[in-house]
Amino acid sequence: MELVRLLLVVVHILGLAVIIGPFLFQVSRKANFEPKLMQIGALVQLVSGLALVGIREADDLPVDHAKIGVKLVVTVLAVVTIFIAARKQRAATAGQAGPKSPLPFLHATGALAILNVFIAVLWT
Ligand code: HEM
């Protein structure tokens with residue numbers, strides 16, 4: 001079980017990279033956003049985070065429920081904002097929305113993911 005938990009932590013760290021990496025890569029863009037990887041990363045964080053809570057509970061390891069609750073809300077918001085960004089980008093590509101319309105949602109996702117890194121590390 002310990003090996004499974006550690007492998008899940010690896011997946012969780014890679015998921016973090018897949019949200020924040022592509023966000024920083026396109027942070028100064030004003031159009032033609034690419035939300036795909038960030039969508040995958042946000043879903044990976046949600047699923048791997050919940051699995052980590054489950055495995056920690058199963059192994060009788062401590063779980064800070066307040067911290068996890070806050071991280072869960074922040075992650076759900078990140079999932080919602082990146083899916084809105086993707087929908088807006090599809091509309092922009094089809095000429096039915098402004099080219100800049102996905103920007104606030106994409107930036108919100110990046111900021112929420114970075115906020116969760118602070119919560120994960122500083123909330124002890
Ligand atoms: C964007 C979303 C997220 C980011 C960036 C993130 C980031 C991190 C980071 C950096 C760590 C390692 C912290 C350390 O070991 O000091 C961590 C651990 C952890 N995260 Fe997340 N997290 C996210 C979402 C979630 C969610 C949604 C949950 C659960 C609902 C969750 C549950 C956990 C748990 C249980 C650990 C401890 C793993 C262990 O050492 O056994 N995370 N997270």
Here, MET1 and ALA91, labelled 7 Å along Cα→Cβ, have an inter-label distance in nm of 4.7 nm
In degrees, nearest 10, the alpha-carbon axis of helix 36-58 is tilted away from the dominant principal axis of the alpha carbons of the chain by 10 degrees
Taking the chain and counting helices only, DSSP H stretches of n ≥ 4 at -39,500 (n - 2.57) each over all residues, the nearest-500 ellipticity at 222 nm comes to -27500 deg cm²/dmol
Restricting to lysines and to Cα separations under 27 Å from LYS88, and discarding same-chain partners fewer than 8 apart, the set is LYS30, LYS36, LYS71, LYS100
Once both label points are put 7 Å beyond Cα along the C-beta direction, the ASP64-ARG29 separation in nm becomes 3.4 nm
In whole angstrom, the spacing between the Cα centers of region 12-30 and region 69-124 equals 11 Å
For PHE105, PHE118, ascending order of other Cβ atoms within 10 Å (fewest first) is PHE118, PHE105
Dividing the alpha-carbon radius of gyration of region 2-122 by 2.2 N^0.38 Å, where N counts its residues, gives 1.15
Note: GLU57 to VAL9 extended length (0.36 nm per residue) minus current alpha-carbon separation gives 15.8 nm
Given unit charges at Cβ for Lys, Arg (+) and Asp, Glu (-), the dipole magnitude of the chain about its Cα centre in debye, nearest 20, is 760 debye
In degrees rounded to 10, the 0-90 angle between helix 2-25 Cα long axis and the longest Cα principal axis of the chain is 20 degrees
Proxy exposure order for HIS65, HIS12 (fewest C-beta within 10 Å first) is HIS65, HIS12
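No value in this document is a laboratory result; all are computed from the given coordinates. Small disclaimer: the values here were computed from a predicted structure and weren't measured. Here Cβ is always computed from backbone atoms with ideal geometry, including for glycine, and neighbour counts include all displayed protein chains.
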